[in-house]
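A quick write-up on the structure given underneath.
Read-outs: derived from the displayed coordinates by stated rules, not from any lab. Just so it is clear, the model here is predicted, and its values are computed rather than measured. Counting neighbours? That spans all protein chains shown, and the Cβs are built from the backbone with ideal geometry, glycine included.
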Amino acid sequence: MTRLPRERMQFGENMRFIKTFYLLCLCLFSSNLLASGFRLTEQSLNGTALNSAYIAGAYGADSTYYNPANMGLGEYGNRHELEIDASIIYIPAFEFDAVSMDKGMNLSCDKASGINMCGAAGNTIGGWGQYGGKNGAIVDGYAKKTLQPVPKIFYKTRTYEILGLKTNFGLNFTTPSGLSMDWGGEAGAFLDDVMIMMMEFNPVVSFKLSDQVAIGGGFRFLYSAGEFGNTLFVPISQDMKQDAVLGNILIHAEGTTKVTQTSNAAANGYGYNLALTIRPFKSSDLLVAVTYRSNIALEMKGSLSAVSYVDMGKMTQGTINMDADLTLGADLPPIVNIAIAKRFGKVIAEFVMETTYYGKARIFEFAYANQKFTQNITGTEICTPNVGWPCFGNTADYVKPDEMLGAADYSAVAYGNGWKDATAYRLGLTYQHSPKLKIMGSFAYDKTPAPQGQFGIPDANTYAFGLGARYELWDSKADVGVAYSLALKDNRKSFLRSKDGLGQLQLLTFGAKYRF
């Protein structure tokens, strides 16, 4: 994997520990099994058990993430609270197949060059027509299993009186998004070794304006890093066909070029979040909440090394290497949650509608600068002096890497093509079984933003089920708990067809709170 120079990474030796900690906290999992694109919505123990149906009814330390307006609400609003959670993400290995994107290269000679000249040149290079390609064949791929621990930290203060308002402060350290592939086989080569990780630090504050209205918000500081190693079959743009002119002979080339690439990039990003909780009726425990997380635009800087494999028969064969500076544009798009929670005896029921605005977000958009090319190309001498035609020299001499790069249609193999805004619907139930024991359960339907049947980051609609429990200790000074979530992916319409039925993502979270 190509590494960024030390000065480009802007990391000194004294930052090694921080980077190591980030890597330990990665949210690593297969994109074919993600909810809401490549976001991880379940950020705490309660969030896992309730599948994030935990906005209006959020309480305690992890409300700093889900709804900071609620920090001062609930029976423990006047205590400091620290929560540390550890999630284990598990995705079983699976196999799949897809239609090959390798179309090879088709060469033809423009008839305007003259039939005799086209014929003679074709005989010299071994004939016009198709070179390589799978012709729509079905190819296989596989994904290795994922088993990854991910820690989370949440903290809120007790309630303070500031300017006549009840005020709480808090912070959270989470992994809001991530993407990792360890795929193989020809069908999986386009995501062979890809990793994006995002770590977020979010200090927040809340103000209780009255017994019926509370507001909150904070700043979001994001660190993101990525490493990529994959293979793509990049088509030639129809608007910039790769033509070669050999004297009076005009040659057309159409098809795809195999490109393998490795890269590395990192960036910081900034945003904010806002929250509002309302109790509409004084005599009711009905709660309505709205939260908003702003867009965070990331301009990840790094370097890229790519190898293009040229196969045009005897006319041109070999490789072209490119080293370049890389800019990777990636957004964490805006997210709006609208939630309503109501108590029914010992049960609190909550419904959440969450919309993630992927429609205008950048999904791994690559740009290159300062390209440097090296090539190892062989060709054929086109020369027919016996009939008085000129010698055009070796066909390899006509290969111009910068023009080939300009003719490559990378937009056709962009991972984020056609993504749309996605809405999820979540229902959570919390049952107070006893003064010390809470039991939670949930169901969620999460619509994918990715278009089905189209090349890109493969994703599918999700059906998720959650279950969990918390048990209080030491006269309510602490509690411990465990939660489990199972997400099932309906990938029947994905361009990658699973051979193992529905896709799965299993999330097991352990957590502990301490109040003081």
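Odds and ends about this structure:
- Each part gets one Cα centre, and for the range 443-458 versus the range 263-291 those centres are 24 Å apart.
- A simple packing score, the average count of other Cβ atoms within 10 Å per residue, orders the peptides 191-201, 355-365, 281-291 as 191-201, 355-365, 281-291, with the highest score first.
- Net +/- balance of residues flanking residue 206 in space, Cβ distance below 14 Å, scoring K and R +1, D and E -1: +1
- 0 to 90° range, to nearest 10: angle between helix 115-125 axis and the chain longest Cα axis: 70
- For the residue pairs 156/436; 301/360; 103/400; 301/447; 152/420; 258/314, alpha carbon separations beyond 25 Å are given by 301/447; 152/420.
- Local net charge near residue 160, Cβ-Cβ under 15 Å (Lys/Arg +1, Asp/Glu -1): +3
- Estimated FRET transfer efficiency when R0 is 45 angstrom, pair residue 510-residue 219 (beta carbons, to 0.05): 0.95
- Length added when fully stretched, residue 338-residue 281, from 0.36 nm per residue minus Cα-Cα: 18.7 nm
- Cβ-based net charge around residue 270, under 14 Å, with every Lys or Arg adding one and every Asp or Glu removing one: -1
- Looking at the chain, the DSSP beta bridges with both ends there are about 100 percent antiparallel.
- Test item: Cα-centred dipole of the chain, Lys/Arg +1 and Asp/Glu -1 on Cβ, debye: 1800
- Rg over Rh [alpha-carbon atoms, Kirkwood Rh] for the chain: 1.10
- Each helix, a run of at least 4 DSSP H residues, gives -39500 (n - 2.57); summed and divided by the residues of the chain, these come to -2000 deg cm²/dmol at 222 nm.
- Comparing Cα centroids, the range 477-509 and the range 322-367 end up 18 angstrom apart.
- Phi angles of the range 332-346 translate, via the Karplus equation with coefficients 6.51, -1.76, 1.60 and θ = phi - 60°, into HN-Hα couplings of 9, x, x, 10, 10, 10, 10, 9, 9, 10, 8, 8, 10, x, 8 Hz per residue; Gly and Pro are given as x.
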